[in-house]
1. State which residue is surrounded by the most Cβ atoms within 10 Å (Cβ to Cβ) when the search covers only region A:86-102 and only residues that are polar (S, T, N, Q) and part of a strand (DSSP E or B).
2. If I ask for residues that are part of a loop (DSSP other than H, G, I, E, B), within 8 Å of chain B (Cβ to nearest Cβ) and open to solvent by 30 Å² or more (accessible area, probe 1.4 Å), which ones from region A:140-169 would you list?
3. Pull out all pairs, ordered by first then second residue, where Cβ-Cβ is under 6 Å, the residues are six or more apart or on different chains, the first lies in region B:300-311 and is within 15 Å of B:VAL170 (Cα to Cα) and part of a helix (DSSP H, G or I), and the second is open to solvent by less than 10 Å² (accessible area, probe 1.4 Å) and β-branched (Val, Ile, Thr).
4. Kindly check whether there is at least one residue in region A:127-139 that is open to solvent by 70 Å² or more (accessible area, probe 1.4 Å), in contact (Cβ under 8 Å) with a residue 24 or more places away in the chain and more than 10 Å from every other protein chain (Cβ to nearest Cβ).
5. So, in region A:56-71, of the ones that are within 11 Å of A:ASP102 (Cα to Cα) and within 14 Å of another protein chain (Cβ to nearest Cβ), which residue ends up surrounded by the fewest Cβ atoms within 10 Å (Cβ to Cβ)?
6. Which strands (runs of 3 or more DSSP E) sit wholly inside region B:31-99 and have at least 1 residues that are within 12 Å of chain A (Cβ to nearest Cβ) and under 26 Å from A:HIS47 (Cα atoms)?
7. I need the full set of residues from region A:128-158 which are under 21 Å from A:VAL34 (Cβ atoms) and of a type outside the set (Asp, Glu), in order please.
8. Residues being within 18 Å of the chain's Cα centre (by Cα) and among the aromatic types (Phe, Trp, Tyr): count how many of those fall in region A:87-134.
Amino acid sequence: MIYRIFACLLAISLLLTAALEARAHAVINEGTAVAGSFSFITLRITHGCGTSPTNQIRMKIPDGVIRVSPRFMENWTVEKRMKTLGTPYEDEAGNLVTETVDEIVWSGGSLPAGYYGEFQVRALMPDSPGETLWFKTIQNCQEGTIRWIEVPTREGQSPYELKDPSPFIRIVEKPHGDEHR
Amino acid sequence: MTEGLPRWLSTSLLALCLVLVSQGVSAHAQFTDSRPAADTTVDTSPHEIVLNFSQAVTPVTVVLVGPDGSAVETGSEAQGNGKRVVLALGNTLAPGTYVVSFRVLSGDAHPISGGFRFSIAGPDVDTNLSAEPDVAQPVASSFGTSDDNAEPTLADASSLALLEQIIRAVFIALVLMAIGLVVFQALIPLPESLGIWLYGLARRVAWIGIIGAVGYFLVATFSIAGLDAFRLRHLYVVLQTSIGMSLLLAIVGFLFLTMSTPRQRILMGIGALLLVLSRVVTGHPVSQEPSFLLIPGMAIHVATASFWFASLWVLLRLLRKGPLVDAPRILERFAKAALWSVGALLAAGVLMGAIHIQSIDALSSTIYGNTLLWKLGGVAGLLAFAMANKFWLTPKLSEQYNPSKLRTSIRIEALVMLAVIAISTVLAATPPVAKGDGEQTAGPNSSISVASESGDYSMVVDFSSQRYDETLPLSMELFDSKGEAFTALEVSLTVTIPSRRIVAVPLSVSSIEGNHVIVEADFPDTGDTSFEALILVTEFDRERFVFNREGRIER
């Protein structure tokens, strides 16, 4: 009898533990991207700073992600801030490319606190399956700022344990049989 | 003979406790932002203060501290509404800087506390928050030992301290007694009449222990919130601390004892193990390093001390009510077991004492050291009685069957034992290295160097004084990976003092000049104080430094 109750309680407590996750954060919708492929990265902002609307989003492009083009948005000014590449590459037309996007700044718009917004970027992912890429993001509101810049510092730490985790995407292996990019 | 509560009642109490324990492992909410926002200046007095959290929360206390450092009478209590907590303000607030200090419970009953500042603009207010030195005053004053009740959740903690101490000592004595009785009957075969008496006593001790645990729990709760501000939900706050965990384990352990009979010794064993565990999950074994030595050390110390303590009462009963024919045999078995257990007890005690004290000087120069000396004195007395009983009075017993001298000796020994237990409970509540008398002798470091968690940045922290009981102010010099000075974009520092139940309370940064940051930190450093500094080094990178006065703390 008593052992049955024990087992039952153990099950209940395990369920309670599993019921964490699922919180309102700045996240990347896609979750994963295929190594070495052009991918869409959709940054989703789910809330303002309290009740204050969002006026500016700054997203840092991690090293290894190149040929970055943000989606054109009518109501926002989208600025590409550049950095010099460590290893330049040649594009299809044979031009040497020495610069790439370091940071994308969406400004001039206003995303009310009770609405969600999506900010899209297309870019070439590095050929490094298994890697997690962190797209650190600063959300500037009319009043206040949220810095989605925390990354795990310990082995095995989940980003969801952090207060303001950085949006991230996991690079996955190319599916078998898919030979062309 | 008490048969105990009906089985169904014990079992459901047990179930309830386990559910409450299991809740401690799930996720909890976090403070996200507020209106007025932290560190901002508003033009007019707000009608309400709104706190936002990442999950639904229940408010415990929200206190508004005014520019003069005293709590502002708001006329109503903070109301919870899902993820929002609203404190309505009845009156218009005068211009100045205010501190909001809050304590809430997330849905899983995890307590979260914190605070922030905002200013109301006015003709005579310097709205530059970061350069305003007086801003630190309200938060700082709440740490003081004065009667300044700026922040009730922190300041009232000492008002019930004595009662808490007494109840704790009684409770711990009951726990030791229960453990000891189980160990005794496991080690030494007893005649039937004595065995039945022992089980009866164990069950009675268990029931009183449950009442004691509940009483201790209530007093601990009162001392967190203050008697007048007590709310039922505060019980959950305490439940989530290590004290709450320890008490729940003890209650479950006691319940097992109430259910056990001479035929179900396994239940007794489980109960005793849980009781030992309840002494280990709280206090120094888990708060001090190295816990891999302290935790088993404490478990051995508790189990063997319990055996000694309880055996005195069993032997007294044997010598008073008999059967005296069995006395020599039982005493002989006991003497053998006692030799080993006292050896283990002393070894574990010396090990833990050495870890906590670290130097002979500390025995005389710290409160912990002084208390430990008292305890050592008591233990020396106990050993003297034990020796007398073993080598002088017990041999005489088999010659003439007159146990009166031995009885008296054991009675006095039991009293000394109670005193030692009382001293031990004080010892357990004293931070090992705390310096109370404020002498300017061998104190803690006044300056330490700490690396950030990533290892890329470092800082030199200057605590301004070499005394544990004062820390004012604190300054930090920041350096990048090349060892060059850099200026932080943002600095925030929180302090945690487990022995005062202060968790992650923000300190005021009074100035950032170049790489030099000055923080107001006017509170007595009790020795278990730790700090967490979050420093924004670039727009996209924040570095975390966790440290105490000895240096960096690994997490």
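The values are calculated or read from the model by the stated rules, or taken from the named source; none is laboratory data. All figures in this text were calculated on a predicted structure; none of them were measured in a lab. Please note: Cβ atoms are built from the backbone with ideal geometry, for glycine as well, and neighbour counts cover all protein chains shown. Please note that ligands, DNA and RNA were not included when accessible areas were found on the heavy atoms of the full protein model with its side chains. Shrake-Rupley method; radii C 1.70, N 1.55, O 1.52, S 1.80 Å.
1. A:THR100
2. Residues satisfying the conditions are A:GLU143, A:GLY144, A:THR153, A:ARG154, A:LYS163.
3. B:SER306/B:ILE179
4. Yes: one or more hits.
5. A:ASP63
6. Of the strands (runs of 3 or more DSSP E) lying wholly inside region B:31-99, those with at least 1 residues that are within 12 Å of chain A (Cβ to nearest Cβ) and under 26 Å from A:HIS47 (Cα atoms) span B:31-35, B:40-42, B:48-53, B:84-88.
7. Hits for region A:128-158 are A:SER128, A:PRO129, A:GLY130, A:THR132, A:LEU133, A:TRP134, A:PHE135.
8. Residues flagged as within 18 Å of the chain's Cα centre (by Cα) and among the aromatic types (Phe, Trp, Tyr) within region A:87-134 amount to 4.
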